[in-house]
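K.L.:
So that we are looking at the same thing, I have put the structure below in structure tokens.
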Amino acid sequence: MAKVNKKKKELGLGIRALLQGLDEPDTGDNSSSVSGVLNSINEISVEDIEENPFQPRVDFEEEHLQELMESIKVHGVVQPITVRALSGGKYQLISGERRWRASKLAGKESIPAYIRAADDQEMLEIALIENIQRRDLNHLEVALSYQRLLDECGLKHEELGDRVGKSRSQVTNYLRLLKLSPDIQDALRKRTISMGHARCLSGLEKQEQQIYLFQETVKKGLSVRQVEALAKQMKSSSSQKLAKSKAPKKLPLAYQRLQDKLASRFETKIDINRNNKGAGLIAINFSNDDDLNRILDLLDV
């Protein structure tokens with residue numbers, strides 16, 4: 001999908017501005033081709049409505065849809081869905097996909113819908129924010145939606161946080177979920193682990209560490225605090241091993257004396273590197289061409 005370009009000032013819209021008009025008409029001027037229905041609530045055919053291509057929800061639980069279907073059979077659709085008008089008398093969902101799906105299951109031929117104007121960026125943002133406000137998305141769907149807003153709408157982390165009413169650190173914590181292994185993501189989606197568990201696991205850089213701690217968490221029923229403590233221990237252990245591996249090996253005393261003697265002879269820094277088998281190399285440092293020529297004269301090269 002092509003990236004949607006918006007003016008810089010339009011990125012300052014907040015939740016209130018994005019959701020304005022979802023439940024009541026606005027008075028703005030709109031296209032004449034749909035002027036008869038735009039900004040109004042109408043009964044429209046369920047077959048004339050397309051899914052929202054920007055829908056952040058991935059999972060629609062069948063049990064909940066069945067419950068909503070039974071309610072619609074008795075009471076009808078209490079809250080209208082929101083759509084935008086397309087050409088040819090068709091419409092595209094902005095919000096309310098569960099109500100639309102349940103209405104189709106209930107055998108309804110039409111559904112009340114508020115028809116409004118919206119471009120692609122507004123479609124994506126409204127679909128995301130409307131679901132977040134109702135707490136309908138699972139954590140991974142939120143993370144994926146945040147990433148789409150960054151990639152497709154050109155938002156920065158701070159701007160995204162302003163849009164969805166989250167701090168920058170909260171946004172970052174969600175985005176880190178996308179770096180977890182598929183097994184861990186699936187467990188989070190199924191609520192086998194909590195967001196707190198997933199946040200701790202995402203702090204581990206190595207995937208093998210994530211998977212090990214995840215398996216321990218599920219097997220032993222570890223709390224978030226316990227997982228957090230273990231993750232800190234694992235990160236600390238990794239840092240110590242890395243520092244140890246990078247630390248230069250100490251030269252035997254005889255080689256240290258030789259290194260000092262050569263440094264005095266050539267009046268420059270000398271590095272001697274030697275492996276456990278006794279092989280190695282001697283590096284003579286020089287600062288410029290004149291210094292190199294001086295050393296070459298001493299070597300009689």
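Please treat every number below as a calculation from the coordinates, not as lab data. The model shown is predicted, which means the values in this text are computed figures rather than measured ones. Here the Cβ is made from the backbone with ideal geometry for all residues, glycine too, and neighbour counts use every protein chain on show.
K.L.:
Determine, for 109, 125, the number of other Cβ atoms within 10 Å of each Cβ, and report the residues in order from fewest to most.
P.N.:
Ranking 109, 125 by Cβ neighbours within 10 Å, fewest first, gives 109, 125.
K.L.:
Quick check: pseudo-label points 7 Å beyond the Cα along Cα→Cβ at residue 158 and residue 274, how many nm apart are they?
P.N.:
Each label point is offset 7 Å from its Cα along the Cβ direction, giving 5.6 nm.
K.L.:
Can you tell me how much longer the chain between residue 220 and residue 117 gets when fully stretched, taken as 0.36 nm per residue apart minus their C-alpha distance, in nm with one decimal?
P.N.:
Going from the current span to full extension adds 31.9 nm.
K.L.:
Quickly work out the residue 300-to-residue 178 label distance, labels modelled 7 Å from Cα along the C-beta direction, and quote it in nm with one decimal.
P.N.:
Going from the residue 178 label point to the residue 300 one covers 6.8 nm.
K.L.:
Label residue 233 and residue 186 with points 7 Å out from Cα along Cα→Cβ: what is the distance between them in nm?
P.N.:
If labels sit at residue 233 and residue 186, their model points lie 2.8 nm apart.
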